Every structure is written in C-alpha cells, then in structure tokens.
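Just below is one structure, and these are the notes that go with it.
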Amino acid sequence: MTTASDLDSIRESVKQLCENYGEDYWLALDRSRGYPTEFVKELTESGFLTVLIPEEYGGAGLGVVEASVVMEQVCRSGAHAGACHAQMYVMGSVLRHGSEAQKQYYLPKIAAGELRLQSFGVTEPTTGTDTTSLKTFARRDGDDYVVNGQKVWISRIEHSDLMVLLARTTPKDQTKKKTEGLSAFIVDVGASVGKGLTIKPIDSMINHHSCELFFDDLRIPAANLLGKEGEGFKVILDGMNAERILIAAECVGDGRYFVDKASKYATEREVFGRPIGMNQGVQFPIARCYADIEAAWLMVEKAAKMFDAGLPCGAEANMAKMLASEASWRAGDVCMQTHGGFAFAKEYHIERKFRETRLYQIAPISTNLILSFVAEHVLKMPRSF
Ligand SMILES: Cc1cc2nc3c(=O)[nH]c(=O)nc-3n(C[C@H](O)[C@H](O)[C@H](O)COP(=O)(O)OP(=O)(O)OC[C@H]3O[C@@H](n4cnc5c(N)ncnc54)[C@H](O)[C@@H]3O)c2cc1C
C-alpha cells in the first residue's frame, strides 16, 4: 500500500520533472497551438503517465490515488495537463474490456511510449451530452466495420496513434434500452486518415488540440472492437469515474497554483505604501479559495480511495469534479483580481491558466448534468430527462 510519504515522494519527483518545463514553455505552446512532445515523453519515460497500467504490461501498477497526486502536481506547477491526462483513463477501457490479445499488444507499447492512446471520440455536434442519441454508425461488413458520421471536440487526435471511438451498431429505436446498441472500437489513427477519416482542428480558447472528425466509409477491422458489440456504453462509462477524479485533481492543482500566486503577489505588491495583502478585502478572498480548494481535495481523495478499493463511487467522483472545478475557477478569478491589470499580461501566465481551468465546468461533463445525477441517483428525486 502506498503511504503518505510515498505520495509525498511522487509529488516531489513530479515537481522536479515539471521544473524542466517552465511557464514560458507552456505559454509558447499556447501561442503556437503546439504539442508538448518532450514533456509527454519525459512523463511517460519516468513512469508517471503510465501509473495506472499494471506491472505485467509494463506500467507502474498503481491506483487513482497516486495518479491524482501526479495530475494535481502537474497542474500546480503551471503546466497544462490537457495534453496528456486522457491517456491515463482511456487506457482503462483497454485494460478492463480489451481481449487478452488487445491488452498484450497495446498496453506494453503504451507503457513504453511507443504508442499514444490520447484520444477518445464520443461527443457529436447534434447530440452533445445526450450520448446515447449519438448518430455515428458502424455497420458490420465481413471482417470489418464501416463507419459513417461525425464527432466534435475530439482532443489530441492529431498527436495520438490510437483513439477509442464510440459508435452505434444498432439503431436506438431497435434497442430495449437506449444504452444498448453502442459499440467501442480502437481506431488506428494513422492508418485511417485519408481513408475515410478526416480531421479538422477547431480554433478554440485553449490549447487542447480539439478537432472535428468526419467518417466517410472508414473501415475498422472487427478485431478492433473493444468489449462486446452493443456494450460499448459500458466500456466508456467504466472509465468515467477515473476521468472525473483525475480531472478534479487537476482542478485542485490549478486552484493551488492560483492561491500560491495570489498570496505571493499580495505579499509583495505595494500600493499606498504597503503590501496589498494587508487589506482584508484582498486577503480574505484568497483565504476562502484556499479553504474551498482543500475541501475539494478531501472529496478527490475520498473518491480515489473508493475507486481503488473497487467500490461504487459515481456520486463521489462527480461531486469531486464539480466542487474542484468550481473552486479552481473561483481561485482563478481571485488571482486575476489580486494581480490587477498585470493579470492580463501573458508573461504573468495567469490568464492562460484562467482559460484552461474554465473548461472543467463544461467538459467532460457539465455541472448541470452532475447535479442532475446527484438529485436523481443519490437523493432519489424524480428523473428530469
Ligand atoms: C476543449 C474541449 C475538449 C473536449 N474534448 C473532448 C474529447 O476529447 N472527446 C469527446 O468525446 N468530447 C470532448 N469534449 C466535449 C465535451 O465533453 C462536451 O462539450 C460536454 O460534454 C458538453 O456537451 P455539449 O458541448 O454538446 O453541450 P450540450 O449538451 O449542448 O449542453 C449545453 C449546456 O446545456 C446544459 N444542459 C444540456 N442538457 C441539460 C439538461 N437536461 N438539464 C440541464 N442542463 C442541460 C449543459 O449542462 C450545458 O451547460 C471536449 C469539449 C471541449 C470544450
């Protein structure tokens, strides 16, 4: 079992690694829409990006508790974790639902950094959060599936060798339950581009490398089906709790970054002949953000421990994501306010992190949908949709 001091040493090692990639590195990538190739390589080679891959497949074989500490520290250091976080949890779909042959083939290569599995294709432009209504269709044809449809906001695909794709294999109106008839596939991105897959980058607010995808008779070998045909929703759903917890950990990292920056600046910046932090109007909001962030971390830890113990943790994972994303956003706002006009100067880096942390109240699941989950499944109130 990992002890508190083991977690401290993971945190310290990740901190040292991140020091090689200062905030100017991230700002330059943000400006150029570049990908942090060197950072992802080092994070993979050091074993931190592969913490969740079992040792028998070449990973560190640790849990979401340890992975949360990695992602929290990456974000606290000023980095943009969006370039790599998905690999941690998308890999879980292969681990839990892949055939032994798929696991033996993919997982060691992912662990060694030879293959990147950074991309998952779920969201569609016309159906959004209503996942089971998605329209991309995979029709069985001999030893292949033939895919037609469209996806939107699919991140990192230009920098990923593989994508886990969710498509319908049975029309929704021919299934007993709306969650049936969906299937998950491992897509070889390089082999698909120009042969039925078109990728179009989206010019967006943050450097998340998000794209639109167009499928036009893309052939995927049937051997790339992940889990059973028609049970793809379960494949995707299974990874979602880990995803929520890791993103919550990132938000806590962002929040601590903002609180660190704000309290330091409030102590150093002098206006009217004294540090601005002597004014309670400046210091109280920062102190409140600190309290909110630390409370959110307790929920992250609780959810991560439950996940690693194999306990149902949907409510805790979702609540952690909601509380942490709201707390980090408030901390970003207070950090902006504390820095006054300088907050807008890119060289201070705050505006970049402010933009980046805003995402997590919307993706991968928006706050309303989490509240709806808690209302219906925890508090047993009537179903709203
Ligand atoms: C930068 C970025 C990266 C992304 N990366 C990926 C990726 O890699 N792969 C992927 O598959 N997706 C990705 N997404 C998509 C993301 O998961 C969705 O944007 C998100 O789930 C919300 O879906 P939507 O945008 O279609 O919003 P909609 O579903 O259209 O919802 C819009 C708003 O309405 C609210 N709403 C909708 N229905 C209800 C209801 N019944 N009750 C109350 N409120 C409701 C929502 O809460 C939301 O605030 C990414 C998105 C972004 C912005």
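The values are calculated or read from the model by the stated rules, or taken from the named source; none is laboratory data. Remember, predicted model here, so these are calculated numbers, not experimental data. Cβ sites come from the backbone with ideal geometry, for glycine too, and all protein chains shown count toward neighbours.
Side notes on the structure shown:
- Top-ranked residue in the stretch 102-120 [being hydrophobic (A, V, I, L, M, F, W, C) and away from the ligand (no atom under 16 Å from the Cβ); ranked as nearest to residue 213 (Cα to Cα)]: 115
- Index of the failed condition, residue 265 passing every other in (1) more than 25 Å from the chain's Cα centre (by Cα); (2) at pLDDT below 95: (2)
- Strands (runs of 3 or more DSSP E) completely within the stretch 121-189 that count 1 or more residues being among the β-branched types (Val, Ile, Thr), more than 9 Å from the ligand (Cβ to nearest atom) and out of contact with any His (no Cβ under 6 Å at 6 or more places or on another chain): 144-155, 162-168, 182-188
- Scanning the stretch 196-212 turns up no residue that is modelled with pLDDT of 95 or more, more than 24 Å from residue 370 (Cα to Cα) and part of a helix (DSSP H, G or I).
- Taking each residue of the stretch 344-365 that is modelled with pLDDT of 95 or more and within 16 Å of the ligand (Cβ to nearest atom) and looking for partners that are among the aliphatic types (A, V, I, L, M) and not in a helix (DSSP H, G or I) with beta-carbon atoms closer than 6 Å, six or more apart or interchain, yields 355/205; 355/206; 356/206.
- Residue 250 among the charged types (D, E, K, R), farther than 30 Å from residue 89 by Cβ and modelled with pLDDT of 95 or more: no
Condition check ((1) surrounded by fewer than 22 Cβ atoms within 10 Å (Cβ to Cβ); (2) within 13 Å of the ligand (Cβ to nearest atom); (3) more than 17 Å from residue 123 (Cβ to Cβ)) across all residues:
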site: 201; (1), (2), (3): yes, yes, no
site: 215; (1), (2), (3): no, no, no
site: 218; (1), (2), (3): no, no, yes
site: 224; (1), (2), (3): yes, no, yes
site: 231; (1), (2), (3): yes, no, yes
site: 244; (1), (2), (3): no, yes, no
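- Residues of the stretch 347-383 satisfying the condition of being surrounded by 13 or more Cβ atoms within 10 Å (Cβ to Cβ) and closer than 30 Å to residue 275 by Cα: 348, 349, 350, 351, 352, 353, 354, 355, 356, 357, 358
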